[in-house]
1. In this structure, does Asn110 turn out to be among the polar types (S, T, N, Q) and modelled with pLDDT under 95?
2. Taking the options Leu280, Leu297, Leu267, name whichever one is touching a residue at least 60 places away in the same chain (Cβ under 8 Å), part of a helix (DSSP H, G or I) and of a type outside the set (D, E, K, R).
3. Cβ-Cβ distance below 9 Å, separation of 6 or more or different chains: which pairs start in region 63-82 with a residue that is more than 20 Å from Glu101 (Cα to Cα) and end on one that is among the small types (Gly, Ala, Ser)?
4. Output the residues belonging to region 269-294 that are on the phi < 0 side of the Ramachandran plot and touching a Pro at 6+ places or on another chain (Cβ under 9 Å).
5. Can you pull out the residues in region 77-118 that are touching a Leu at 6+ places or on another chain (Cβ under 7 Å) and of a type in the set (D, E, K, R)?
6. For residues in region 233-244 being in a loop (DSSP other than H, G, I, E, B) and in contact (Cβ under 8 Å) with a residue 60 or more places away in the chain, which is surrounded by the fewest Cβ atoms within 10 Å (Cβ to Cβ)?
7. Would you point out which residue out of Arg64, Arg103, Arg45 is at pLDDT 90 or above, surrounded by 16 or more Cβ atoms within 10 Å (Cβ to Cβ) and of a type in the set (Lys, Arg)?
Amino acid sequence: MKPEPIRYFNRRTGTVENEAIYGEGWLRWAYENPMGRFTTWLVARRWVMSAYFGWRMNRVHSARKILPFIATYDLDVDEFAKSPYRFRTFNEFFTRALKPEARPISAPGNERIAVFPADGRHLAFANVDEADGFYVKGATFSLADLLQDADLTATFAGGAMLISRLCPTDYHRFHFPVAGVPDAGRLINGWLYSVSPVALRINVQRLVQNKRRITLLRDTAFGTVAMIEVGATNVGSIVETYVEDRRVEKGESKGMFKFGGSCVITLFQKRRIRIDADILAQSCRYIETYTRMGDRLGEAV
């Protein structure tokens, strides 16, 4: 049987497209084959495997993978802040900065407009408690499991949620979706399962089983906003680059993921944001929308 493709709606072109899956053969074996699932449970979800892979991507010889990767996935080198020939390792290339003009921020002077925090494929829900499924119908997780904190769960009950999934081929820095004052954040240790829909369609609970870091953004036009960076298989680490308790502007850099696909979950309090209708419409059909960091997400209510 031919594997089911991962389809998403490209907001920039207005078309439905098939995702080019990095390491597709291994990924489908690991999550769709019984022996692969056992191996994943035994080995692939564990920190040591991802740490080893991250170490390999930090070695000088890994730089040989850069140009073939760019060619295979047709990356736009004109967006890069520096020449691809100047990266010393694959991880340095993977966490590359872009030219500021490559990711313009929607309505930069208007703090009531929120933007997407990362490049990638996104699902959005106006009320997370009423969603009947994320990647497939009936596949949901609870805020309590995600946040592991009773007070935070109450704070965001009935609120809006954005799941931003980054593929290995995406720009892997993440940014603040609104202006505000971020706290120091806290880490919840966990496994490192894949966050590809190949894995999440089978068990979406992996998003709340994986290692993740929660940052609260206060003093915003949207009340309190939570950003949760979720680690995944072969993600060497989540690196935060912001300064805690210092006001940040919308679109300002927050941090980066080292090698691997990963995910950012953004939570808004109940009735504090009106997410754009086109994003919600696709999400209700369990279809992700591809768009980029800095593009408009919605506005404050």
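1. no
2. Of the residues listed, the single one that is touching a residue at least 60 places away in the same chain (Cβ under 8 Å), part of a helix (DSSP H, G or I) and of a type outside the set (D, E, K, R) is Leu280.
3. Sorted first by the residue in region 63-82, then by its partner, the pairs are Thr72/Ala20; Tyr73/Ala20.
4. Correct list: Glu288, Met293.
5. Correct list: Glu79 only.
6. Glu244
7. Arg103
Here is a yes/no grid of residues against (1) closer than 18 Å to His175 by Cβ; (2) of a type in the set (A, V, I, L, M):
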{"position": "Arg246", "(1), (2)": "yes, no"}
{"position": "Gly251", "(1), (2)": "yes, no"}
{"position": "Phe257", "(1), (2)": "yes, no"}
{"position": "Val264", "(1), (2)": "yes, yes"}
{"position": "Lys270", "(1), (2)": "no, no"}
{"position": "Ile273", "(1), (2)": "yes, yes"}
{"position": "Ile279", "(1), (2)": "yes, yes"}
{"position": "Ser283", "(1), (2)": "no, no"}
{"position": "Thr289", "(1), (2)": "yes, no"}
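The values are calculated or read from the model by the stated rules, or taken from the named source; none is laboratory data. Everything numeric here is computed off the predicted structure, so don't read it as measured data. Quick reminder, even Gly has a Cβ in these numbers, built from the backbone with ideal geometry, and neighbours come from all protein chains shown.
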